[in-house]
Amino acid sequence: MRLIITGKGFEVSDYLEDLVTKKAEKLERYFKPDTEVRTMLSIQRGRHICEVTTQFAGSTLRCEERSGDMYSAVDACLKKLERMVRKYRTRFEKNLHEKIVYSDELVYDDEDDDVVEETGEIVRRKTFPTKPMSVSEATEQMELLGHNFFAFVNEKTSEINILYKRYDGGLGLLEPDEAN
């Protein structure tokens with residue numbers, strides 16, 4: 001497991017980096033040796049934020065925790081990541097025998113960020129995997145990422161679809177209209 005620790009808006013001290021490394025090493029048993037685990041530490045409005053993103057069995061796992069201090073945010077985030085891995089491990093193991101593809105590509109690469117000072121314009125760009133998948137796989141990915149929506153290529157139609165969480169708790173699916 002390759003651990004990449006970055007700080008956003010502050011310099012990560014050697015002590016904090018060693019602490020994160022020590023705690024994250026406990027999760028090595030779940031990941032392949034070449035798996036990249038990105039940890040982003042930031043402080044926003046007095047809240048300490050720890051965000052961890054990694055590829056696991058062809059899926060992207062992402063968790064984020066906010067706390068009053070960085071140490072508890074790191075602890076909570078890594079515990080959350082382990083719970084996610086353990087929860088979905090049986091599904092991944094089942095799929096490993098079928099069609100799971102390991103990918104070293106990052107889903108969200110901060111190097112492509114565009115910052116524009118005026119409101120109403122693009123302030124950030126993100127990329128997403130275009131691997132064709134079923135609606136159920138897209139639902140699982142959206143849950144793993146902790147997002148309210150997920151864009152994907154539908155394996156049945158080969159078109160881009162958007163899956164989103166509705167306010168009533170259900171899910172919605174946006175599909176392109178071929179009538180136009």
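Within the range 120-140, count every residue that is touching a Lys or Arg at 6+ places or on another chain (Cβ under 9 Å) and of a type in the set (S, T, N, Q).
Result for the range 120-140: 1.
Among the candidates Lys87, Lys26, single out the residue that is within 17 Å of Met142 (Cα to Cα) and of a type in the set (Lys, Arg).
Working: Lys26 fails: within 17 Å of Met142 (Cα to Cα).
Lys87 is the lone residue from the list that is within 17 Å of Met142 (Cα to Cα) and of a type in the set (Lys, Arg).
Please work out which residue is farthest from the chain's Cα centre (by Cα), limiting yourself to the range 30-48 and to residues that are among the basic types (Lys, Arg) and either exposed (fewer than 15 other Cβ atoms within 10 Å of the Cβ) or not assigned by TED's automatic domain parsing to the domain that holds Arg66 (or both). Can you show your working first?
We begin by selecting, within the range 30-48, every residue among the basic types (Lys, Arg); these are 32, 38, 45, 47.
Still in the list and also either exposed (fewer than 15 other Cβ atoms within 10 Å of the Cβ) or not assigned by TED's automatic domain parsing to the domain that holds Arg66 (or both): 32, 45, 47.
Numbers: Lys32: 17, Arg45: 23, Arg47: 20 Å.
Residue satisfying both the conditions and the ranking: Arg45.
Among the residues of the range 142-153, write down those that are farther than 23 Å from Arg125 by Cβ and not in a helix (DSSP H, G or I).
Taking the range 142-153 and keeping what is farther than 23 Å from Arg125 by Cβ, we get 143.
Residues satisfying the conditions do not exist here.
Would you check if Ala138 is aliphatic (A, V, I, L, M), closer than 18 Å to Ala57 by Cβ and at pLDDT 80 or above? Steps first, please.
Details: aliphatic (A, V, I, L, M): yes; closer than 18 Å to Ala57 by Cβ: yes; at pLDDT 80 or above: yes.
Yes.
Among (1) modelled with pLDDT under 90; (2) under 22 Å from His147 (Cα atoms); (3) out of contact with any helix residue (DSSP H, G or I) (no Cβ under 9 Å at 6 or more places or on another chain); (4) not in a helix (DSSP H, G or I), which single condition is Phe10 missing?
Phe10 satisfies every listed condition except (2).
Within the range 65-93, how many residues turn out to be within 19 Å of Thr35 (Cβ to Cβ) and charged (D, E, K, R)?
9
Under the condition of being surrounded by 12 or more Cβ atoms within 10 Å (Cβ to Cβ) and without any contact (Cβ under 8 Å) to a residue 24 or more places away in the chain, which residue from the range 1-29 is farthest from the chain's Cα centre (by Cα)?
Glu17
Kindly list the number of the only condition in (1) within 20 Å of Arg2 (Cβ to Cβ); (2) in contact with a Ser or Thr (Cβ under 7 Å, 6 or more places away or on another chain); (3) of a type outside the set (D, E, K, R) that fails for Cys63.
Answer for Cys63: the failing condition is (2).
The values are calculated or read from the model by the stated rules, or taken from the named source; none is laboratory data. As the structure is a computational prediction, the values presented were derived from the model and not from experiment. No Cβ is skipped: glycine too gets one built from the backbone with ideal geometry, and neighbour counts run over all protein chains shown.
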